[in-house]
Amino acid sequence: MSPVRRLTMAMMSNSFSLKHGLSLWCPQTPSLNRANPSLTSIKFRSFQRCYAAFANENREYVIVGGGNAAGYAARTFVEHGMADGRLSIVTKEAYAPYERPALTKAYLFPPDKKPARLPGFHTCVGSGGERQTPEWYKEKGIEMFYEDPVENIDIEKQTLVTNSGKLLKYGTLIIATGAAASRFPEKIGGNLPGVHYIRDVADADSLVSSLEKARKVVVVGGGYIGMEVAAAAVGWKLDTTIIFPEDHLLQRLFTPSLARRYEELYQKNGVKFLKCVSIKNLEAGSNGRVSAVKLGDGSTVEADTVIIGIGAKPAVSPFEKVGLNADVGGIQVDGQFRTSIPGIFAIGDVAAFPLKIYNRMTRVEHVDHARRSAQHCVKALLSAQTYTYDYLPYFYSRVFEYEGSPRKVWWQFYGDNVGDTVEIGNFDPKIATFWIEDGRLKGVLVESGSPEEFELLPKLARSQPLVDKAKLQNASSVEEALDIARASLQFEAAV
Ligand SMILES: Cc1cc2nc3c(=O)[nH]c(=O)nc-3n(C[C@H](O)[C@H](O)[C@H](O)COP(=O)(O)OP(=O)(O)OC[C@H]3O[C@@H](n4cnc5c(N)ncnc54)[C@H](O)[C@@H]3O)c2cc1C
């Protein structure tokens, strides 16, 4: 890029950053003096020297993190014509942003069932958008820094330092660092060879290479990751046991009765369950690799591969000083994803934001929020949009999806799982659970719904209509129950 274009861009950047009361210039660089060209040229040279100290040419906007939220943010910058020559993305990973949920789904399909691999699932294919390969970022003029995590921030100087020592300058900073898998401590075997955590492609590749030679797999954790990985492992025809301390699967969302249906299905597919069980440590065999899981009661379960899915922690480092939320963790933002520092934003898993619909602060570790928060934040930044983010919680999972699987599982949930529940359907394949509080429908989950049924769920959860619980309980099918709920919605709309 020519020095003139760089200078023009830097001037444009600077004028933009005034919106935040911030400057893109080095602190010691005075502004250009139009009245005195010779002075200007001296200052331009000093600007060039200063400029050379920064590793990024695109400084107006910098996104830290190269995951789901970053990919959707990049798309929104491009849609607004504000990416080319202006946006840099710096990421820890070796890959351009991709749809992370694929890692425990199609990525783990058995080898003969066409497992997904990059570039197949780069963002934004998950929402029907363009596949943003590394070439896409180049074509759009977005500067990418791969495999170089940010390790330091200087809020005053508006600079970042990466692991390789690069100094990056930003006018506006978007933190999209996501979350990191929670680990077992090293002293109880959490780092043994054969013990896996799954957060990124490198983790998934390492797991696949273990599965290729595995015989006995233990999955620790009965949440989303545990359920998806256990379903994948039996797809590989491996002896698979899932172990968790709760008394049923996905305790955060499922009712005991709903969980029982899924547990029975998993058991039919060959998954063994150890529930209400604590783990003392992971044991190593003579080859140093994990060989068993020792339980709290002293018994052991043989294992050559252990996958730990016990949750994740927001990746706030090195941005703690930007301001954390003490209750839900993560970086505190407002309804426009602004942190307490002007010009610094946070989106996706790492952001603690006001959940307007339920009037509480929250963090959401789900891809739908990553996409929407990215789009909302960038639109607010680049346009006159000022409205508050109004997110409706949405969770889903899909398992046993590979070709030839006797039964695919796909559920969707919208809303809040509070109040009493009504369960309808026999899980053959459909089942629905309705959460009702003070007579109002607060949340709804449907397994194996049709596209029209899935479309109805967010409308119900958003409107929270008054429902006749007794009538719902007497519904003879999921279809009938959804018709009753739809009628309550229409009734409220008509009143
Ligand atoms: C295996 C798996 C399966 C999932 N399945 C589902 C699902 O079925 N449905 C669903 O709704 N959600 C699912 N999720 C959650 C969903 O993927 C996340 O909510 C989403 O990826 C969050 O997007 P994000 O951009 O905030 O974070 P991420 O996608 O995690 O991206 C964060 C990025 O920042 C990078 N990074 C971190 N620190 C730094 C640093 N200091 N410097 C530079 N880069 C850094 C990370 O390496 C990563 O590339 C799943 C998550 C995982 C791990």
Put in order of increasing Cβ neighbours within 10 Å, starting from the fewest, Phe353, Phe244, Phe273 give Phe273, Phe244, Phe353
Residue (of Phe491, Val478, Val328) at the positive-pole extreme of the chain, dipole from beta-carbon charges | Val328
What is the fewest-to-most order of Arg215, Arg462, Arg371, Arg199 by other Cβ atoms lying within 10 Å of their Cβ?
-> Arg215, Arg462, Arg199, Arg371
If you stretched the chain out fully between Glu455 and Arg486, how much longer would it get, using 0.36 nm times the residue separation minus the C-alpha to C-alpha distance?
-> 10.0 nm
Calculate for the chain the 222 nm mean residue ellipticity that helices alone would give, adding -39,500 (n - 2.57) per DSSP H run of length 4 or more and normalising by residue count, nearest 500 deg cm²/dmol.
-> -9000 deg cm²/dmol
Residues Ser476 and Ile155, FRET efficiency given R0 of 60 Å [Cβ-Cβ distance, rounded to 0.05] = 0.50
Would you please put 59-72, 325-338 in order of how densely packed they are, using the mean number of other Cβ atoms within 10 angstrom per residue and starting with the highest?
-> 59-72, 325-338
Mean shadow area (nm²) of the C-alpha convex hull around the chain is 26.5 nm²
Once you charge only the Cβ atoms, +1 for Lys and Arg and -1 for Asp and Glu, what is the size of the charge dipole of the chain about its Cα centre, to the nearest 20 debye?
-> 1460 debye
Translational diffusion coefficient (Stokes-Einstein; Kirkwood radius from C-alpha pairs) of the range 167-236 at 10 °C, 1.306 mPa s, in µm²/s | 110 µm²/s
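Rounded to the nearest 0.05, what FRET efficiency is calculated for Ser463 and Met361 with R0 set to 30 Å and r the Cβ-Cβ distance?
So, using R0 = 30 Å, E works out to roughly 0.80.
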Give the distance, in whole Å, between the Cα centre of the range 63-115 and the Cα centre of the range 440-478.
-> 33 Å
The range 338-414 versus the range 281-329: alpha-carbon centroid distance in Å | 25 Å
Pull out the extension gain between Asn287 and Lys113, defined as 0.36 nm times the separation in residues minus the alpha carbon to alpha carbon distance; nm, one decimal.
-> 59.5 nm
Of the DSSP beta bridges with both residues in the chain, give the percent that are antiparallel, rounding to the nearest 5.
-> 60 percent
Normalised per residue, the volume of the convex hull around the Cα set of the range 354-405 (Å³) | 99 Å³
Assertion target for Arg86, Arg407, ordered by fewest C-beta neighbours within 10 angstrom first, is Arg407, Arg86
In the range 143-192, how does Rg compare with the Kirkwood Rh, expressed as the Rg/Rh ratio over alpha carbon atoms?
-> 1.14
Toward the positive end of the charge dipole of the chain, about the Cα centre and with charges on Cβ (Lys, Arg +1; Asp, Glu -1), which of Pro115, Leu381, Gln464 goes farthest?
-> Leu381
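A short reminder: the numbers here are calculations on the coordinates, not readings from a lab. Owing to the predicted nature of the structure, the values given are computational and were not obtained by experimental measurement. No Cβ is skipped: glycine too gets one built from the backbone with ideal geometry, and neighbour counts run over all protein chains shown.
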